[in-house]
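Trainee: One structure, as structure tokens, below. Some questions next.
A short reminder: the numbers here are calculations on the coordinates, not readings from a lab. Just so it is clear, the structure is predicted and the values come from calculations on it, not from any experiment. FYI the Cβ positions are ideal-geometry reconstructions off the backbone, even for glycines, and counts take in every protein chain you see.
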Amino acid sequence: MEAKGIGAEKLNDAQRAQLVKLIGVYADNFEPGIKEARKNRVQEGGIANIRFGWAGATERGRPHYYRIQGPSFLIEYDSSQNNGNHIHTVWRDFTGDFGRDLLREHYTRAQGTGHKH
């Protein structure tokens, strides 16, 4: 999967620290063993090899999306529906999720079910 967005190596120290902190927010949602393994993989892949991409508005209450991608993972945050007030997030592990696009699968399953997107 092609990485898109600005490379962490182009961020200043404060921005890079925020990016690492944001990745930690996602990792902290996993059980302890999985959390540590994912954090270790992020570090092993190199922070400089991570990219951050943004699409959409920067104003609160407006649709937006971002992705954080490293050599072994992709985090997606999608708040593009319901005036930017309906969030979906996913952490893909390229070493263990069989290449599935979970966000796309969710949207496909939700069509016609009354789950508004």
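Trainee: Against the longest principal axis of the chain, how steep is helix 32-45, in degrees 0 to 90 to the nearest 10, with axes from Cα atoms?
Mentor: The helix 32-45 is inclined about 60 degrees to the chain.
Trainee: So, in nm, how far is label residue 107 from label residue 37 when the simple model puts each one 7 Å beyond its Cα toward the Cβ?
Mentor: 2.9 nm
Trainee: Out of (1) 42; (2) 48; (3) 27, which label holds the value of percent of Cα pairs over 21 Å apart that was computed here?
Mentor: This structure yields the entry labelled (1).
Trainee: Helix-derived [θ] at 222 nm for the chain: sum -39500 (n - 2.57) over DSSP H runs of at least 4, divide by residue count, nearest 500?
Mentor: Computed mean residue ellipticity for the chain: -10000 deg cm²/dmol.
Trainee: May I pose another question? In the chain, once you exclude exposed trypsin sites (Lys or Arg not before Pro) (DSSP loop, at most 13 other Cβ within 10 angstrom), what's the longest stretch remaining?
Mentor: Of all site-free stretches, the longest is 5-59.
Trainee: At R0 = 22 Å, how high is the FRET efficiency between residue 83 and residue 25 if r is their beta carbon distance? Nearest 0.05 is fine.
Mentor: Step by step, r from the Cβ atoms, then E = 0.40.
Trainee: OK, next. For the stretch 1-82, which GluC sites (Glu not before Pro) pass both filters: DSSP loop (anything but H, G, I, E, B) and at most 13 other C-beta atoms within 10 Å?
Mentor: Of the GluC sites (Glu not before Pro), the ones in loops of the stretch 1-82 whose Cβ has at most 13 other Cβ atoms within 10 Å are 2, 59.
Trainee: Once you've got the GNM for the chain with C-alpha springs shorter than 10 Å, pick whichever of 28, 93, 78 has the biggest mean-square fluctuation.
Mentor: Ranking 28, 93, 78 by mean-square fluctuation puts 28 first.
Trainee: Roughly how many nanometres apart are two label points built 7 Å out from the Cα toward the Cβ at residue 57 and residue 3?
Mentor: Simple spin-label model gives 3.1 nm for this pair.
Trainee: With springs only between Cα atoms under 10 Å, which of 75, 47, 87 fluctuates most in a Gaussian network model of the chain?
Mentor: Answer for the Gaussian network model of the chain: 87.
Trainee: What nm distance separates the two modelled labels at residue 47 and residue 14, each placed 7 Å from Cα along Cα→Cβ?
Mentor: Modelled inter-label distance: 1.6 nm.
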